[in-house]
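Okay, structure first, notes after.
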Amino acid sequence: MNVLVINAGSSSLKYQLFNMQTETILAKGNCDRIGIDGHLKHKPSNGKNAFDSDIPLPTHAEAIAAVIEKLTSDDYGVISSLSEINAVGHRAVHGGRKFFGSALIDDEVIDILEDCIRLAPLHIPANLMGIRACQKAMPNVPQVAVFDTAFHHTIPEHAYIYPIPYKYYENNDIRRYGFHGTSHRFVSAIAIEHLGLEGKNSKIITCHLGNGSSLAAVLDGKSIDTTMGVTPLEGIPMGTRCGSVDPSLIDVISSIEGTSIKETMDILNKKSGVLGINGKSSDFRDIELAAGADADTGFVDSSATPDKLAKLSLDVFCYQVAKFIGSYVVSLGGLDVLIFTAGIGENSPYVRREVCSLLEGIGVYIDEQKNATRAGSLLDVTKDGSKVKVLVIPTNEELVIARDTMELISK
Ligand code: AMP
C-alpha cells in the first residue's frame, strides 16, 4: 500500500510518497512558485536521479501532473504506474467546528471545507486546490483530509471561548481552534509510549517551535489547551508573526502607518515576531549566530560582541515560551514531561537551554551535555534530579497524515 501525502499552499505543493508496509518514504519533493513560473524538486529514495529544475506550473493541476509524471518516470520514478498510489492524504489547515478527526473526502467534506474559508482564508483555498487537482488526476483513488485543528477538539469550553460577545461563537464559529495538531499529537503519543505513561493521567506540554510555533497542554494524551487561536497568529511570537499582543495595536499601528486593517494585519503576520524585533532575519540559525551563539552547542562565546537586537528577539521569544509553559502547568495541575519539537525545538540547544533556565523554579532542569547533542531521534535531555522529563522528539506530520489516511481507507 502506497499513500501520497500532499501539503498544498497557495503557490507551493509539498509531497511525500509512503510505502505503508514499512512506513518508509519512497520519494518526496516540492513544487514551488505555482502560478508564477514554477520549480520542481523531486527526490526519489531508490537511488534514481533527483530532479531540481524550473518547469512551468501555471496551476496546482499542472503541479500534481508533474509530480505524478516524476513518480512514475523511468529516470526519476519509484512506481511503475499511477495504480500503485492507493490513497492520497491531504493536510487541511482548518476543520472548523465540524471535524473532530480525519475525514474521507466526499462532496459534503468539500462543502464544509469551503465553509471554513471564512476562518482560514489564506490556507483553505490552497488546500482545496490541492484536493481538486488530485481528484482530477486520480478520480478513483480515495482522498483523505487530515486537519491541523482536529487534535484540539478536546479543549474544554472555558479554554476555547474568547471573552467577546458570545454571539460570535454561536453565529460565526469564533473560538480557539489551535493548529499543528498532527505534530502535538504525534510527539505526545511518542512520549507516552516511551515513558510508559498510557492511562496514567500524564501531564505533558508540547512545544512545536518552527517557522510557525505553538504550545499544547496535553492531559492523558488529549489536548486541553493550545496557544494558537481562531487563526495561527495568536500565542507565542514566531519568525514573522507577533503572537498574542494587545488587540488595540491594530488601531494604533493603522494610525501610525495610515494602513488599512488588512495592511496592518500583514505587518503583524509577516513583519513582526523575532524578525520585527531584530530587523534582519526570521531564521533562528542567523539570529543565534548574530547573538554570538555557537551553531552546534548553542553556547555563547564570551568574547563575541552579540548583536543587541538579535539577542533581544531571542530573549523575547524564550521568555514568552517559558511564560506559556508556566500557564499550562496551571491548566494541567502539574507537569510530567516537556517536549521540544519542529525546526527550532529539535535543532536549537540555545532555545531549549534559555527556555528551561526560566523554568527552574518549577523543577525543570536540563543536562547541558545532552542538550548540546544533535537530535535525530528521541533525545532525553533531562538532568538527574529534575522533577520534569525534558525530551526532544522529531516531529513527522506527514507520517501522521499517511497513517490516518491508511486507517480511514481500511475501514
Ligand atoms: P520548521 O517550520 O519546523 O521547518 O522550522 C524551520 C525553522 O527552524 C527555521 O526557520 C529556523 O528558524 C529553525 N532552525 C532550523 N535549524 C536550526 C538550527 N540548527 N538552529 C536553530 N534553528 C534552526
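Nothing in this text is a laboratory measurement; each read-out follows from the coordinates by a stated rule. Since we're looking at a predicted model, the values are computed, not measured. Cβ: placed from backbone, ideal geometry, glycine included. Neighbour counts: every protein chain shown.
Any idea what the alpha-carbon Rg over 2.2 N^0.38 Å comes to for region 273-352? Intermediate values should be presented prior to the final figure.
Working: Rg = 13.8 Å, N = 80, 2.2 N^0.38 = 11.6 Å.
It is 1.19.
Taking label positions 7 Å along the Cα-Cβ direction at both LEU358 and ILE117, the computed distance is 3.9 nm, reported to one decimal.
Against the chain, whose longest principal axis comes from its Cα atoms, helix 261-270 is set at around 80 degrees. Taking the Cα centre of each part, how many Å lie between region 162-181 and region 1-49? Taking the Cα centre of region 1-49 as reference, the centre of region 162-181 is 34 Å away. A dipole drawn for region 266-411 from +1 and -1 charges on Cβ atoms has a positive end, and of SER303, SER327, VAL351 the residue lying farthest that way is SER327. Would you mind telling me the antiparallel percentage of the DSSP bridges in the chain, rounded to 5? Approximately 70 percent, going by the DSSP bridge assignments. With all projection directions averaged, the alpha carbon convex hull of region 182-282 covers 7.4 nm².
Among the lysines of region 257-411, pairs at least eight places apart or on separate chains and with Cα atoms under 26 Å apart come to 25. A Förster distance of 60 Å, applied to the separation of the beta-carbon atoms of SER303 and ASP107, puts the FRET efficiency at 0.40.
Report relative contact order for region 147-189 in percent, whole number only (criteria: Cα-Cα under 8 Å, sequence separation at least 6).
Values: 34 pairs, mean separation 24.2, N = 43.
Relative contact order of region 147-189: 56 percent.
Principal-axis analysis of the Cα atoms of the chain puts helix 60-72 at an angle of about 80° to the longest axis. Where only DSSP H runs of four or more residues are counted, the chain gives -10500 deg cm²/dmol as its mean residue ellipticity at 222 nm, each run worth -39500 (n - 2.57). Potential lengthening of the chain between GLU198 and LYS41 amounts to 52.5 nm, from the contour at 0.36 nm per residue minus the alpha-carbon distance.
For the chain, what value does the Rg/Rh ratio take when both radii are computed over Cα atoms and Rh is the Kirkwood radius, given to two decimals?
Working: Rg = 21.6 Å, Rh = 22.4 Å.
Taking Rg over the Kirkwood Rh, I get 0.97.
For region 250-303, the spread of Cα coordinates along the three principal axes comes to 44, 17, 12 Å, biggest extent given first.
Farthest toward the positive end of the dipole of the chain, out of GLY35, HIS194, SER183, is the Cα of HIS194, where the dipole comes from beta carbon charges about the Cα centre. A Gaussian network model of the chain, with springs between Cα atoms under 10 Å, assigns the largest mean-square fluctuation among ILE25, ILE261, ILE277 to ILE261.
Bin width 5 Å, alpha-carbon pairs only: give the P(r) of region 286-411 as whole percents, running from 0 to the bin holding the largest distance. Spelled out bin by bin, region 286-411 gives 2, 10, 18, 19, 18, 13, 9, 5, 3, 1, 1, 0, 0 percent. Here, P(r) means the percent of Cα pairs in each 10 Å bin from 0 to the largest distance; for region 1-138 it is 12, 42, 33, 12, 1.
Using the alpha-carbon centroid of each, what span in Å lies between region 337-406 and region 79-154? What the calculation gives is 31 Å, centre to centre.
Relative contact order for the chain: what is it in percent, counting Cα pairs under 8 Å that are at least 6 residues apart? Provide the component values of the computation, followed by the final result.
Numbers: 863 pairs, mean separation 55.8, N = 411.
Relative contact order here is 14 percent.
Here ASP246 and ASP266 are evaluated by their C-beta separation; at R0 = 22 Å the FRET efficiency comes out at 0.75.
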